[in-house]
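What follows is a short report on a single structure.
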Amino acid sequence: QLSDNTILITGGAGFIGSNFIVYFLTKYPNIRVVNLDKLTYAGDVNNLSELSNNPNYTFIEGDICDATLVSKLFHKHEIKGVINFAAESHVDNSINSPGQFIKTNIEGTFTLLEAARNYWKGENYRFHHISTDEVYGSLGENGFFTEGSKYQPNSPYSASKASSDFLVRSYHHTYGMNVVTSNCSNNYGPKQHDEKLIPTIIKSAIKGLKIPIYGNGKNVRDWLFVEDHCKGIDLIYFNGVAGETYLLGGNNEYDNLTIAEKICEFIDLKVPKSNGGYRDQIKFVEDRLGHDFRYAIDASKIKKELGWSALESFHTGLDKTVDWYLKKYQSI
Ligand code: NAD
């Protein structure tokens, strides 16, 4: 039974992984989670403070590229499932310094696949790989990515994620491993690292700093509330068809300037400024190299096959998100 055993979650101290572990352990009292996380600059054990007394939760500080450690964890904890969130995830870092992206995102995924291949022998198991819509490259003004879209990664980050997706796919095709892959759009919500767009906007606004927006602010992203993503992963992990890919999106397409303006409007209401509005702090900065213009997802496959769609409206999701970061940034 997949719902009554121990699962290895990697990168669970990061943004999506930590939201997922809390959601998952709350929902499934018979599942035990081993969280393997290297605690890079992006990982924070405080993201999991709710679980400090949860007997079903074990934290292991370590690297997914460490084959000896990973194999030891499979044997010691009798791992029956893997959800691989661990990654170097920030596109800007991949432009400045791509090496670690190749190591963690490609070699790390390979190490996990090998450990699973060696340990799992014809049992009821599952390997779920978490990936991004960025593997499909950039869209123009129209159209959507689907599971059939061509892989055309444009940044070292998306190329490394694309490579890992291919490795996962090959372990199904070659070894018959029970894998699923999900590719999603930009997530937003609590516990995201300060470096990402939405936390940066809120932090800069409230600290009275310039709110930096790349280029002309016209690059479009689709935004998915992290809790909706967690629900989708849950469904795919248990019910997805082996070897399949599922795309998840929030149906919230906005350009970066609009996102910044919306957030400023929220903060104007919550923490009014004495003179002017927060949008006066928005400043355009030199564009990201190779900046993809637009990502958007057609999530009809997962809706039809697994009954998932994003439920949180962008307004309420952003409202909760702004509240969470205001609390964080006003206390530091
Ligand atoms: P994050 O950067 O917040 O967290 C990544 C976590 O992985 C951190 O806790 C970090 O310490 C850990 N980690 C990094 N290298 C490791 C290694 N070698 N061994 C073990 N742990 C390591 O990332 P996130 O935003 O939570 O993203 C999680 C996954 O979702 C990633 O695979 C990412 O590609 C994918 N994804 C994210 C988004 C998004 O909007 N955040 C969108 C689509 C896909």
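Would you please give the FRET efficiency between HIS90 and ASN53, computed as 1/(1 + (r/R0)^6) with r the Cβ-Cβ distance and R0 = 35 Å, to the nearest 0.05? Write down the numbers at each step before the final one.
On the way: r = 32 Å, r/R0 = 0.92.
With a Förster radius of 35 Å, E is 0.65.
Shape of the stretch 46-110 from its Cα gyration tensor (a ≥ b ≥ c, root eigenvalues): rounded if a/c is under 1.5, otherwise prolate when a/b > b/c, or oblate? It is oblate, given that a/c is not under 1.5 and a/b is not larger than b/c. Between ASP268 and LEU39, the distance separating the two model label sites (each 7 Å from Cα on the Cα→Cβ line) works out to 4.3 nm. When you restrict to C-alpha pairs under 8 Å that are six or more residues apart and normalise by the size of the chain, the relative contact order lands at 18 percent. Scalar couplings 3J(HN,Hα) for the stretch 149-164, obtained by applying the Karplus form with A = 6.51, B = -1.76, C = 1.60 to θ = phi - 60°, are 5, 6, 6, 9, x, 10, 10, x, 4, 5, 5, 5, 5, 4, 4, 5 Hz; x denotes Gly and Pro. Working from Cα pairs under 8 Å separated by at least six residues, relative contact order for the stretch 1-148 is 26 percent.
Straight-line reach from LYS218: taking Cα to Cα under 16 Å and skipping same-chain neighbours fewer than 8 places apart, the aspartates and glutamates in range are GLU141, GLU253, ASP255, GLU261, GLU286, ASP287, ASP292.
Arrange the following residues from fewest to most other Cβ atoms within 10 Å of their Cβ: THR26, THR6, THR181.
Details: THR26 11, THR6 18, THR181 25.
Fewest to most other Cβ atoms nearby, the residues stand as THR26, THR6, THR181.
For ASN275 and LYS218, a Förster radius of 45 Å and the Cβ-Cβ distance give a FRET efficiency of 0.95, rounded to the nearest 0.05. In a fully extended conformation the segment linking VAL285 and ASP194 would gain 31.0 nm over its present Cα-Cα distance, using 0.36 nm per residue.
How big is the dipole moment of the chain about its Cα centre under a simple scheme where the beta carbon of each Lys and Arg is +1, that of each Asp and Glu is -1, and everything else is neutral? Debye, nearest 20, please. Please report the intermediate quantities before stating the final value.
Numbers: 34 positive and 39 negative charges, 65 e Å.
That gives a dipole near 320 debye.
Counting alpha carbon pairs within less than 8 Å and at least 6 residues apart, what relative contact order, in whole percent, applies to the stretch 239-332? About 43 percent, as a whole number.
Net charge dipole, the stretch 38-84: roughly 180 debye, given to the nearest 20, about the Cα centre with Cβ charges of +1 for Lys and Arg and -1 for Asp and Glu.
Each reported figure results from applying straightforward, stated rules to the coordinates on display, with no laboratory input. Values in this document were obtained by computation on a predicted structure and should not be read as measured data. Cβ: placed from backbone, ideal geometry, glycine included. Neighbour counts: every protein chain shown.
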